[in-house]
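The next block holds one structure in the form of structure tokens; read it before the comments.
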Amino acid sequence: MNKQRIIWMTGGALIVLILIVVVQQFMTSGTSAAPMSQEEAIQLINERYPGSNAELVEESGNTFLFSLENDQGFYELEIDRENNSVAYLENISLHDRQSEADQKEITEEEAIEVARQRSDGEVVSSTLSESNGQKNFEVVLEEETRIVTLLVNAISGEAEVTNEESKETEEPARILSEPEAIEIALDAVNGEVDDVDLEQSNGVTYFLIEIESDDDDEATVQVNAITGEVMSTVWDD
């Protein structure tokens, strides 16, 4: 009798232990962050692009690929499931039944999204302008080493880089100090310095240093204030 009771008690304890493990695993899996679901992705699209008709084309790893249709045409949009964000938006085609004048312009936010597919920089400015009857968003982005300007067509959503500027700037040239210039002049003419002037001519900055030589002659030494080059030495008659 005691043996049977022990068996029942042991079996009951094992069952309780198994239940505890299962509950812990369930609670752990429930609290871990899950990638964005298809329904959540569609909700995000509807919030950002109201009126679009989104259809799932492909699910690949951590991304959803959707096709969108609105009054303008068809678009391809990719969702990053881990970051819960739009990876890119690209125009595929426009509706032939609409004239360009009747087509709805893309929003500034959509233009910025398109520009970001061409550059990983931070958006500096975005401006809507019109030239020759065509409206474009001019989006300027600042990258680590350059500033990029893209023109995004307000109707088609097509983008092109119109300007690139390097951010690398040269340090301003350092002008020699007066003692440095004197030292250079005395290397050219031994003597005692009488006067020092800093002057500029034809875009060149230079020192004029008057020296009384050891032979009691007067010399004027012209020293380039940037390079330290002795430009000339003029002796007084």
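The values are calculated or read from the model by the stated rules, or taken from the named source; none is laboratory data. Everything quoted here is computed from the prediction, not taken from an experiment. Here Cβ is always computed from backbone atoms with ideal geometry, including for glycine, and neighbour counts include all displayed protein chains. What goes into the accessible areas is simple: the full protein's heavy atoms, side chains included, and nothing from ligands, DNA or RNA. Shrake-Rupley method; radii C 1.70, N 1.55, O 1.52, S 1.80 Å.
Matching residues to (1) at pLDDT below 80; (2) crowded, with 17+ Cβ neighbours inside 10 Å; (3) over 23 Å from the mean Cα position of the chain (by Cα); (4) not hydrophobic (A, V, I, L, M, F, W, C):
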residue: Glu78; (1), (2), (3), (4): no, yes, no, yes
residue: Arg97; (1), (2), (3), (4): yes, no, yes, yes
residue: Glu100; (1), (2), (3), (4): yes, no, yes, yes
residue: Ala111; (1), (2), (3), (4): no, yes, no, no
residue: Val124; (1), (2), (3), (4): no, no, no, no
residue: Glu130; (1), (2), (3), (4): no, no, yes, yes
residue: Val161; (1), (2), (3), (4): no, no, no, no
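Filter the stretch 30-51 for residues that are farther than 23 Å from Ala111 by Cβ, at pLDDT below 85 and either touching a Pro at 6+ places or on another chain (Cβ under 8 Å) or not in a loop (DSSP other than H, G, I, E, B) (or both) and give the result.
Gly30, Thr31
Which of the residues that make up the stretch 45-56 are crowded, with 17+ Cβ neighbours inside 10 Å and in contact (Cβ under 8 Å) with a residue 24 or more places away in the chain?
Ile45, Tyr49 - these are the residues of the stretch 45-56 that are crowded, with 17+ Cβ neighbours inside 10 Å and in contact (Cβ under 8 Å) with a residue 24 or more places away in the chain.
So Arg118 passes all but one of these: (1) within 30 Å of Ala225 (Cβ to Cβ); (2) open to solvent by 70 Å² or more (accessible area, probe 1.4 Å). Which condition number does it fail?
(1)
Taking the stretch 189-211 as the region of interest, how many residues are surrounded by 15 or more Cβ atoms within 10 Å (Cβ to Cβ) and out of contact with any Phe, Trp or Tyr (no Cβ under 8 Å at 6 or more places or on another chain)?
9
Given the structure, is Glu160 among the acidic types (Asp, Glu) and either free of Cβ contacts under 8 Å to residues at least 40 places away in the same chain or under 30 Å from Leu89 (Cβ atoms) (or both)?
yes
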